[in-house]
Amino acid sequence: MKYRIFMSLLLALLGLGSTNPALAHIKWFVEFDVADPPLSVMHVISPMFLTLLFLTAVAIFIAILIDERWTRFAPLTLGKLLKLTDNNDDIALSIVRIGVGVFFVVLWLVGGVVLTPDTTTEAWWIPGLQVLIALAMLFRQSLLPAGVAIAALYAYCVYQFGLFHMMDYLTFIGLAAFLIFSQINTKALLRLRLPILYLTLVIAFLWSAVEKLTFPQWFDPFLDKYSFLQMGFNREFFLLSAAFVEFTLFYLILFGKNAVTIIAILANILIITGNIYFGKTDSIGHFPVNFVLVIMAVMGARSFAVFSGNGNGNGRIVVHAARQTALFFAFFGGLLLSYYGLHWIQYGA
């Protein structure tokens, strides 16, 4: 019982500490130019940055340590609690089909966008393809062409807006792969559906977290309008904290076990709460994230635990937590370098 209490408190603090703007997508609310040079690495790596990086590593070590111990006593998924997955192995596919169908109908009704509020278009064929994708969700036999169509829309956005811009929306590639693999229906591909879907969503959010470090100026007009969200904190500290909390939450989704269900629920609550403040645009843009997080909460980590491994015995649990914490530094550094590298490749110095 004590492990459940400690884990719940720790993850609740992480989630509540993130506040809504940590998960709000800034590109939907302000004018921006991704071709602008990001803040230099030397400016990003400040004493405050290094302090928060260290505290984040400590939080990750403690969270994984408690999560490993807790999982030994009580493996947790929302599906088990609600008896949703006992006799239905395809609950994830049902959620994706309903979610994708509703989402593309909404995009068609709104008009003028391809996949997200900032991917605007006047192309005549986009609305028709959106309707066809929604209709395809009614029939299992049409999931593959629907997945191909979603991938085509993503490719069109890459052509129009650049890959650097579209890295925020890798979740659509995960949804496309999920639908395609569901119709191909081989054991190997079926096992890959959820790992690919979750990995693309996590990378998208980690990319967004790095964005708070490299383009802090984008957030100025947003926080000027919603200044209460800073809760009295210095703006630099607030954005750095939001970036590290977001990174922590979604890193733990990759490497946690019971943590996955709790974080997915917390993240969804935060996003839906943000919809109250930020309105229809935020609701539409985050809807695919909402139903993927529902799948994470329902299915739990066992459906995609490619990275987490197992810690058996007290000593091994500590070693496992230390290893995952060390990997955090490599993961964070690699993503930061990838962010700068892709920007340089696409836009130059």
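Only the coordinates and a few stated rules stand behind these numbers; no lab work does. Worth saying up front: this structure is predicted, and the values here are computed from it rather than measured. As a convention, Cβ positions derive from the backbone with ideal geometry for all residues, glycine included, and neighbour counts pool all protein chains shown.
Value of Rg to Rh for the stretch 85-197, rounded to two decimals, is 0.98; Kirkwood radius and Rg both from alpha-carbon coordinates. If you take the Cα centroid of the stretch 172-209 and the Cα centroid of the stretch 328-343, the two points sit 21 Å apart. Positive-end ranking of 110, 158, 134 along the dipole of the stretch 91-219, with charges on Cβ about the Cα centre, is headed by 134. Each residue of the stretch 40-49 was assigned a 3J(HN,Hα) from its phi angle through the Karplus expression (A = 6.51, B = -1.76, C = 1.60, θ = phi - 60°), giving 5, 4, 5, 6, 5, 7, 9, x, 5, 4 Hz with x at Gly and Pro.
Each of the peptides 271-282, 235-246 was scored by the mean count of other Cβ atoms within 10 Å over its residues; in descending order, highest first, they stand as 235-246, 271-282.
Residues whose amide H comes within less than 5 Å of that of residue 113, counting only those at least five positions distant or on another chain, are 121 (H built at 1.01 Å from N in the peptide plane).
Karplus-derived 3J(HN,Hα) values for the stretch 200-209, using 6.51 cos²θ - 1.76 cosθ + 1.60 with θ = phi - 60°, are 5, 5, 5, 4, 4, 6, 5, 4, 5, 5 Hz; glycine and proline are entered as x.
Local charge for residue 213 was computed over the other residues whose Cβ lies under 15 Å away, with Lys and Arg +1 and Asp and Glu -1, and equals -4. Here the Karplus relation 6.51 cos²θ - 1.76 cosθ + 1.60, evaluated at θ = phi - 60°, turns the backbone of the stretch 340-345 into coupling constants of 5, x, 5, 4, 5, 4 Hz, with x for every Gly and Pro.
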